[in-house]
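Please treat every number below as a calculation from the coordinates, not as lab data. Bear in mind that the values here come from a model prediction, so they are computed numbers and not experimental data. Don't worry about glycine lacking a Cβ; one is built from the backbone with ideal geometry, like all the others, and counts go over all protein chains shown.
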Amino acid sequence: MQLSQVIGLKQEMVAQPQQILRSELIQTPLLQLEARFQQEFEQNPLLEIADERELDQVQPEGETLESNAVKEAKENSEDRDAKDAESEEREPDWEAFFDDQEDARADDRRMYKSNQSLAEAVEIPQADVQTLGEDLIEQLRMDKFTDKQMVIGEYIVGSLDVRGYLDAPLDLIAGLTESSREEVETVLHSIQRYEPAGVAARDLRECLLIQLEVRKKQDEPAYLILRDHFDEFVNRRFEPIASALGITPQDVQRAFEVIATLNPRPGEGVIDEKTNYILPDLVVEIIQHDEDEEPEFAVMLNDGNIPSFYVNDELKKLILKRNSDKEAREFAMRKAESARWFINAIMQRRTTMLRTMRAIVERQKPWFLTGRDADLKPMILQDIAEDISMDISTISRVSREKYVQTPYGVRELKFFFNDKMTMESGDDVSTRAIKEKLKEIIAEENKMKPLSDQAIADQLKTFGYEIARRTVQKYREQLNIPVKRLRRQV
């Protein structure tokens, strides 16, 4: 048997640590970025947090984030990238690096002043990080429970799913807490009536009934319908319910309206820390909107609780002094290299997010002037990538789980991206505009005789939207609009 060796060349893309770090930070939402900052500061003694008083000492230069501060930061980042490539095989030019960081530190001061000026006119919300579980535990402690009942309560709170429903059998909790089922039910009964009422329910029916009990509506039709005629309620069978309760179909309709005010998912948006609050990564404000002039927008990066930072002066001196202790200097250089990558990645994140947001605003000006979804233009990731000469994968990372505060509320960046459809007139229209028209048609339909998906498709055609019944069904489901039968009223 003969063995042969073949020597050949092949090209292979290998991501460098710097590139990996940049990609990681660009796609990281603000709340996770704050945690990432904390981790970096704890691990790298070379980084120091700038005192806010120091930033206040610098006089503002009348800049906004639309101007020099970010442009200079971008140039610094690009210069550093070039220097990195040239000195790949030798020790970095630490003097140049530290000089760059002094420039970046000055940029941070100007950015801080600019953000302060804009923040006076724009209220940037800060997160309340208390979860529903923590809130329930506080309410539990205010109750007159024994130590054993407190343990049971903590197990119940820890067994809630994202909807706020109890996701563990009572027998299992009883076994884990060495309690009886009756003891668990006693604690559960109390928790279910905490705020928000209906939390820790075991199903939808129990969740809604508890909310009506808290409102003291046990004798009203809404409570009786949920308790005794739940199947008829789910299928909106007005006449059988009216006959069974001895009331009119109109009374049933009013009871349905009461039930519609209840919360079927009391834990949604508060159980999961990720959805407990939305902290916008960016802020967009209209700063000029006259009929005779082109509208202008201010785009600001919301750094939240992320502090300004710089390189520790003592370790900087240790690195620049080449005859210092070899082991200590090598340690400082390793940390300096890590700091260099981290600072470059942060600056690139800031620049990329601002450039992306400005490009979105430029393409979606009609929406930013009116806030109407019908004014959204067709736009895909590739459009923005071409506008700012970046890779589409970078735009995808920037828009992932990022939010922007606008004059019309907080929106996810993905909200502004939507496919297009060509109308009979030849004009392109966004799918979101079609959905808005679909919502209008359903809002204006005869509630006693709701429209079928085909009838909605026929009406959309009269507005120039040539879409099939199945597409109407898909859009309706995406908008969480129920089927014809469940929309019927009397």
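Just order 331-341, 224-234 by mean Cβ neighbour count inside 10 Å, highest at the front, would you?
Most protected by this proxy first, the peptides run 331-341, 224-234.
Search the structure for amide H atoms under 5 Å from the amide H of residue 297, placed 1.01 Å from N in the peptide plane, and list their residues when 5 or more places away or on another chain.
Amide H to amide H, under 5 Å and 5 or more residues apart or across chains, residue 297 pairs with 287.
Do the alpha carbons of any pairs in 414/435; 402/474; 144/217; 335/402; 365/474 sit beyond 20 Å of each other, and which pairs?
402/474; 144/217; 335/402; 365/474
Report, by chain and number, residues whose modeled amide H sits under 5 Å from the one on residue 379, excluding near sequence neighbours (fewer than 5 apart, same chain).
The list, which skips near neighbours in sequence, is 418.
Whole-Hz ³J(HN,Hα) for each residue in segment 401-410, computed from phi via Karplus 6.51 cos²θ - 1.76 cosθ + 1.60 with θ = phi - 60°, x for glycine and proline: what do you get?
6, 10, 10, 10, 8, 10, x, 10, x, 8
Taking 0.36 nm per residue of sequence separation and subtracting the Cα-Cα distance, how much length would be gained by fully extending the chain between residue 178 and residue 143, in nm to one decimal?
Residue separation times 0.36 nm, minus the Cα-Cα distance, leaves 10.5 nm.
Give me the Kirkwood hydrodynamic radius of segment 132-260, using the inverse of the mean 1/r over all pairs of distinct Cα atoms, in Å to one decimal.
Hydrodynamic radius (Kirkwood, Cα pairs) of segment 132-260 is 15.9 Å.
Describe numerically, in nm with one decimal, the distance between label points set 7 Å from Cα along Cα→Cβ at residue 189 and at residue 162.
With each label point 7 Å from Cα toward Cβ, the separation is 3.3 nm.
If I model a spin label at residue 490 and residue 321 as a point 7 Å from the Cα along the Cα→Cβ vector, what separation in nanometres do I get?
Result: 9.0 nm between the two label points.
Could you run the Karplus curve 6.51 cos²θ - 1.76 cosθ + 1.60 with θ = phi - 60° over segment 187-196 and give me ³J(HN,Hα) per residue in whole Hz, x for Gly and Pro?
5, 4, 4, 6, 4, 4, 9, 6, 8, x
Show me the ranking of peptides 376-382, 401-407 by mean Cβ neighbours inside 10 Å, starting with the highest.
401-407, 376-382
Debye sum, Cα scatterers, segment 419-487, no solvent: what log₁₀ I/I(0) at q = 0.12 1/Å?
Scattering profile of segment 419-487, log10 relative to I(0): -0.28.
Please report, in Å, the Rg and the Dmax of segment 337-425, where both are computed over Cα atoms only.
Both quantities, over Cα of segment 337-425: 14.9, 59 Å.
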